[in-house]
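Here is the structure we will look at.
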Amino acid sequence: MIGTRFCALLFAVASLGGLTGCSSSADQLDTQISDALEDNTLDVEEADALRVFIGQESKALGKDKKTSILITPDGKLDESALVAYIKRNRTYRKLAKDGKTPTLNLSGGVVAGKPLRLKLYLEASGSMFPYDAPGGNGLFKRTLNDVLTEFDAVNPNQGKLFVVNTEVNDLGLSLSQFFKEKDIFTVAKTKGKTTSTDFEKIFSDILQNTSGDDLSILVSDLIYSDPSLTGMSAQKTLDAASSLLTTVFNPYANTHSMLVIKLKADFDGTYYSWNNAKKKYTGERPYYLCLIGRNEAMQRLYQDQTYQTIRQFNDLPGYQDSWFFGRDGKAITPFYSVLVNDPARKGRFKRSDEEVRNHDKAVHALTDVQPDVADKSLAIPIAVDLSALRLPASLLTNASQYAVSGKDNFEVTSVQTYAGANGTTHKLLLTTDKPARGKRTATIRLRREFPPRWIENTNTTNDASPDGSSTFGIQNLLQGVERAYNPNNQTEYFTLTINLE
């Protein structure tokens with residue numbers, strides 16, 4: 001009762017002072033619809049943002065009497081109900097009453113095409129067999145079973161299993177047979193040469209054969225070992241691995257993307273180092289899932305509510321970290337807009353007359369900019385759509401990752417998740433204690449740095465003594481992929497510019 005009263009009190013304060021800490025999913029949906037209708041039009045992009053939000057909040061919305069009509073019995077969005085719901089929105093009704101009935105364009109949608117079809121590529125080499133040893137805790141097998149089961153629930157009996165090492169072969173087992181195997185490598189050991197792994201052939205084959213609705217997953221320890229490089233130093237081997245993957249991914253950088261997930265599992269057996277030296281090891285070892293798909297398929301994986309459970313990769317047994325490689329014009333030029341009426345603002349400013357006349361959706365230019373009367377500071381909230389970046393939440397919400405240039409000496413002091421109009425996902429707060437005067441600009445950049453800390457900390461160039469956290473040459477290997485996707489070595493993901501006067 002106390003918690004309910006406290007939340008009600010906060011809601012009352014919110015209506016006066018802008019707090020929204022206790023707003024429900026239904027309230028947030030209403031706000032997002034109202035924001036989208038401000039320009040008398042709700043376009044396809046805004047409609048897709050609503051679909052994504054409803055998919056993410058489907059459980060909460062399904063329990064709310066007001067919004068439960070939006071969710072079908074099987075958990076999907078009822079499109080006709082969404083249109084009716086939008087027309088009942090307070091902003092829509094007010095505009096219609098004033099003779100300015102908004103235009104609704106909800107065609108398209110994130111949900112499209114056939115269900116994604118999974119192709120699992122299991123590396124079968126000597127260094128992988130101990131992950132499913134009889135004395136282990138079964139974490140490795142359980143993770144693969146979870147992935148396969150989730151996809152099979154969406155697209156039954158369509159998954160395909162392959163074995164990779166020096167070759168790429170069909171595993172020859174159905175999913176049910178795979179699940180029953182006490183040692184998942186029993187059959188895999190009989191396919192190809194298990195003494196080494198040809199990553200050039202593996203990645204080339206996967207990229208070439210991943211099309212349309214395919215989503216391919218390589219399961220590997222990503223330890224590069226090439227018999228043709230026997231006798232070469234570790235550094236030369238790593239340099240060769242890096243160059244190799246750049247060459248392999250170059251032709252596909254515009255059409256395909258890849259998510260690399262680091263996991264850990266029990267390992268009990270012989271560890272083969274980069275130069276094929278053998279050492280008995282028992283304990284945890286890292287391994288990786290490399291999810292590869294065409295950009296359209298990856299977008300569906302991340303945004304279609306059908307895959308809401310599947311994309312919770314951090315819930316996989318043994319999950320450690322992840323990194324995404326891809327190109328997306330929306331990531332390079334994300335939608336962004338100053339929130340001129342947001343409670344977090346300090347000082348005084350309004351959108352430019354030109355933007356008002358043009359009915360621009362975004363606010364990029366401010367006039368009559370004046371500091372706060374009390375402490376002479378200035379704080380400008382900015383909503384931005386970062387959904388296309390697919391970067392870890394910890395990075396996107398880290399204010400220190402954002403650099404700001406301009407006369408005002410602005411800093412990004414906070415970054416919060418935010419469900420706003422036009423698909424905006426985050427709110428940046430731009431602040432300064434000493435605002436400048438006159439016409440000037442503030443430019444915000446999200447730093448692009450590789451490798452991320454977890455890859456740097458995982459990397460080792462000497463695996464003579466294996467441990468539970470490191471992988472030989474993982475940084476070099478993935479650096480090759482990064483060069484394919486970032487050939488010009490760009491130092492930022494995007495640049496946002498705000499004009500002030």
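Treating cross-link reach as a plain straight distance, find the aspartates and glutamates whose alpha-carbon is under 14 Å from the alpha-carbon of Lys201, omitting any fewer than eight places away in the same chain.
In chain and number order, the partners are Glu123, Glu167, Asp226.
Hey, if you put +1 on the Cβ of every Lys and Arg and -1 on every Asp and Glu Cβ in region 290-436, which of Pro343, Gly318, Thr333 ends up farthest toward the positive end of that dipole?
Thr333
For a quick check of your reading of the filter: which GluC sites (Glu not before Pro) in region 402-488 sit in a DSSP loop and have no more than 16 other Cβ atoms within 10 Å? All intermediate terms of the calculation are to be shown ahead of the outcome.
Numbers: sites: Glu411, Glu449, Glu456, Glu482; in loops: Glu449.
Passing both the DSSP loop test and the Cβ count: Glu449.
So, taking all protein chains as they sit and a 1.4 Å probe, how much accessible area belongs to Thr190, in Å² rounded to tens?
100
Ignoring everything but the protein chains, give the 1.4 Å probe accessible area of Tyr319 in square angstrom, nearest 10.
The accessible area of Tyr319 comes to roughly 60 Å².
Ignoring everything except DSSP H segments at least 4 long, calculate the 222 nm mean residue ellipticity for the chain; use -39,500 (n - 2.57) per segment, divide by total residues, nearest 500.
Helix-only estimate at 222 nm: -9000 deg cm²/dmol.
Kindly flag which residue pairs out of Lys100/Lys330; Lys182/Lys236; Lys63/Lys87; Lys182/Lys279; Lys76/Lys119 have an alpha-carbon separation exceeding 28 Å in this structure.
In this structure, Lys100/Lys330; Lys182/Lys236 lie more than 28 Å apart at Cα.
To the nearest 10 square angstrom, what accessible area does Lys278 show with a 1.4 Å probe?
Only protein atoms counted, so the area is about 150 Å².
Out of region 424-454, which trypsin sites (Lys or Arg not before Pro) are coil in DSSP terms and have no more than 12 other C-beta atoms within 10 Å?
Values: sites: Lys427, Arg437, Lys439, Arg440, Arg445, Arg447, Arg448, Arg453; in loops: Arg437, Lys439, Arg448.
Passing both the DSSP loop test and the Cβ count: Arg437, Lys439.
Decide, for region 371-501, between rounded, prolate and oblate: order the square roots of the alpha carbon gyration tensor eigenvalues as a ≥ b ≥ c, take rounded if a/c falls under 1.5, and otherwise choose prolate if a/b is larger than b/c, else oblate. Don't skip to the end; give the middle numbers.
Details: a/c = 2.46, a/b = 2.46, b/c = 1.00.
It comes out prolate by the Cα gyration axes.
Taking the dipole about the Cα centre of the chain, with the C-beta of Lys and Arg at +1 and of Asp and Glu at -1, give me whichever of Leu391, Val412, Thr197 is farthest to the positive side.
Result: Val412.
Assign one of three labels to the chain, namely rounded, prolate or oblate, based on the Cα gyration tensor with a ≥ b ≥ c the square roots of its eigenvalues; rounded applies when a/c is under 1.5, prolate when it is not and a/b is larger than b/c, and oblate otherwise.
Here the chain falls in the prolate category.
On the accessible surface of the chain, probed at 1.4 Å, how many percent belong to carbon and sulfur atoms?
The nonpolar share, carbon plus sulfur, comes to 48 percent.
Based on alpha-carbon centroids, what's the gap between region 365-408 and region 44-81 in Å, whole number please?
30
Place +1 on the Cβ of every Lys and Arg and -1 on the Cβ of every Asp and Glu in region 112-196, take the dipole about the Cα centre, and give the residue among Val147, Gly159, Ala188 whose Cα lies farthest towards its positive end.
Gly159
The values are calculated or read from the model by the stated rules, or taken from the named source; none is laboratory data. Predicted, not measured: the structure shown is a model, and the values here were computed from it. Don't worry about glycine lacking a Cβ; one is built from the backbone with ideal geometry, like all the others, and counts go over all protein chains shown. Protein only, heavy atoms only, side chains kept; ligands, DNA and RNA dropped before computing areas. Shrake-Rupley method; radii C 1.70, N 1.55, O 1.52, S 1.80 Å.
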